[in-house]
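**Student:** Quick one: this structure, given as structure tokens, is what I'll be asking you about.
The values are calculated or read from the model by the stated rules, or taken from the named source; none is laboratory data. Note that this is a predicted model, so its numbers are computed, not measured. Here the Cβ positions follow ideal geometry from the backbone for every residue, glycine too, while neighbour counts run over all protein chains shown. For accessibility, only protein heavy atoms count, side chains too; no ligands or nucleic acids. Shrake-Rupley method; radii C 1.70, N 1.55, O 1.52, S 1.80 Å.
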Amino acid sequence: MSRFFGSRSALLATVAALSVGAGVAQAHPTVASQPWGSTPDGKPVRIVTLKNGLGTTARIITYGGIIQSVETPDREGHVQDVVLGFDNLKGYTVDSAKGGLFFGAIIGRYANRLAGGNFPVEGKIYHTDVTAPPNALHGGKKGFDKNVWTIEKTGTNASGAYLTLKLVSPDGDQGFPGKLTTHVTYTLGTDNALSLHYVATTDAPTVLNLTNHSYWNLNGEGSGSIEPEVLQINADGFTPTDATSIPTGQIAPVAGTPLDFSKPTVIGDRLRSNDPQMMYARGYDMNWVVNGPYGQAPRLAGKVYDPRSGRSMEILTNQPGLQVYTSNSLDGGYAGVSGHAYRQGDAIAFEAEHYPDSPNHPSFPTTELKPGQTFDYTTTFRFSNK
């Protein structure tokens, strides 16, 4: 079977290189699973807790493959949740679903936007529902974020604790052709990194773009704005959009724009820029073209640091793009685990993915997946408090 985009052997080599030697032997990773309610249509949901033995914990629910929380220590050793989310299933299935905010979820079949909900596959035009008029956003009315995934396996090894979820999307699901089988493995490593490894195959030609939509705040969930955080993005270019967030097809330099994070920059410094790209999105919500070859070993795409807590997070991926989003649609209508309302700018999302609307732009990296090929990508969030 041929490999599509990614290299598993390259991934394993990278993971090995990231190991921290003596820390691996001292850590005692654990994994546990328990019921977490049922969906409105009666499907049982479970929550799986991964611990790496070094003070970091990640919890994933089978509904939407959602990262419900990630707890990790600050510079003083104080452990805190750094992901926005809810302490009950209703928060995800009913409350947040109304706003289409995708808290912590796996996004598919097509992450980001498709112009008019239309996309070609081998010369034939297909359609998925328009969910962010006039375009489709994040895979139709019932995307991967609104499905209950199956626990395929859990366990621990020298690298950490892991969970593999599986979802079979039938031919025609949300308008997408082909029966698609997707596996996502979450590994909380003894290198203090949470990795998501996506593998998918199809029985007919289709398009595919998968990502995770976690909202991060390294000062702690519910603690307020991420404007003081310092961001660096390993990208010299981005894909400009029109007023409806559809790419023009160009790749433009970030130099001289508010999107230039080639050097560490405080997020709030240019968040209120009157640059048209910023005005369209009401903040940052753009796709950066990550430097370096994609589809090989994961490379550094970005890093964010919170000077208040001392926490930092690196984002590594072998995807070609990184959509960075400053939670511009949070409007105070949702209260999270802390009991505090979430407002605009209270978090930042790092959606490693292919470019928006790629099927309609032949010059962009392809998102086509054919029988015999394997979609194989990894994104890693690596934490530090040093």
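**Student:** Under 5 Å between amide hydrogens, which residues at least 5 positions from T131 or on another chain qualify, with H placed 1.01 Å from N in the peptide plane?
**Tutor:** Answer set, sorted by chain and number: A136, L137.
**Student:** Per residue, how much accessible surface does the chain expose to a 1.4 Å probe? Answer in Å², no decimals.
**Tutor:** Each residue of the chain exposes 37 Å² on average to a 1.4 Å probe.
**Student:** Okay, moving on. Please grab the % of Cα pairs in the stretch 122-171 that end up more than 14 Å from each other. List each step's numbers first, then the result.
**Tutor:** Working: 834 of 1225 pairs.
Above the 14 Å cut-off, the stretch 122-171 has 68 percent of its Cα pairs.
**Student:** Where in the stretch 330-368 does the amide nitrogen come within less than 16 Å of the point 7 Å from the Cα of E122, taken along Cα to Cβ?
**Tutor:** Counting only backbone N, you get 367-368.
**Student:** Take the alpha-carbon centre of the stretch 235-297, take the same for the stretch 319-357, and report the distance between them in whole Å.
**Tutor:** Going from one Cα centre to the other spans 15 Å.
**Student:** Let me ask another. For the modelled label position 7 Å from the Cα of D275 along Cα-to-Cβ, which residues of the stretch 215-232 have backbone nitrogen atoms closer than 16 Å?
**Tutor:** From the stretch 215-232, the list is 231-232.
**Student:** What lysines could a cross-link reach from K179, if we take a straight Cα to Cα line under 23 Å and drop same-chain neighbours fewer than 8 places away?
**Tutor:** K43, K124, K141, K142, K146, K153, K166, K370
**Student:** Sorted by average packing, counted as other Cβ atoms within 10 angstrom per residue and highest first, what order do 244-254, 292-302 take?
**Tutor:** Sorting 244-254, 292-302 by mean packing, highest first, produces 292-302, 244-254.
**Student:** Which of the listed residues, V304, S38, P247, is farthest toward the dipole's positive end in the chain, when Lys, Arg count +1 and Asp, Glu count -1 at the beta-carbon?
**Tutor:** Going by the Cα projections, it comes out as S38.
**Student:** Right, something else. Over the stretch 28-382, with every protein chain in place, what whole percent of the accessible area is carbon and sulfur at 1.4 Å, could you tell me?
**Tutor:** 50 percent
**Student:** Straight-line reach only, C-alpha to C-alpha below 21 angstrom: list the lysines that K303 could link to, leaving out same-chain residues fewer than 8 apart.
**Tutor:** Qualifying lysines at Cα under 21 Å: K263, K386.
**Student:** Let me have the 222 nm mean residue ellipticity of the chain computed from DSSP H runs of 4+ only, each contributing -39500 (n - 2.57), with the sum over all residues rounded to the nearest 500.
**Tutor:** Working: 4 runs with 26 residues, N = 386.
The per-residue figure over the chain is -1500 deg cm²/dmol.
**Student:** Going by average Cβ density within 10 Å per residue, which order do the peptides 363-376, 189-202, 225-238 take, highest to lowest?
**Tutor:** Per-residue Cβ counts within 10 Å, averaged per peptide and sorted highest first, yield 189-202, 225-238, 363-376.
**Student:** Roughly how big is the chain's charge dipole about its Cα centre, with Cβ charges of +1 (Lys, Arg) and -1 (Asp, Glu), in debye to the nearest 20? Don't skip to the answer; put the middle values down first.
**Tutor:** Details: 30 positive and 33 negative charges, 124 e Å.
Charge dipole of the chain: 600 debye, to the nearest 20.
**Student:** Tell me, what HN-Hα J-couplings in whole Hz come from the Karplus equation 6.51 cos²θ - 1.76 cosθ + 1.60 at θ = phi - 60° for each residue of the stretch 241-247, using x for Gly and Pro?
**Tutor:** Each residue of the stretch 241-247 in turn: 10, 7, 5, 9, 6, 9, x Hz.
**Student:** Select one label from (1) 21.6, 68; (2) 20.4, 58; (3) 19.3, 57: the one whose number is Rg and Dmax of the Cα atoms in Å as derived from the coordinates shown.
**Tutor:** (3)
**Student:** Go through 346-353, 52-59 and give me the packing order, highest mean Cβ count within 10 Å leading.
**Tutor:** The most tightly packed comes first, giving 346-353, 52-59.
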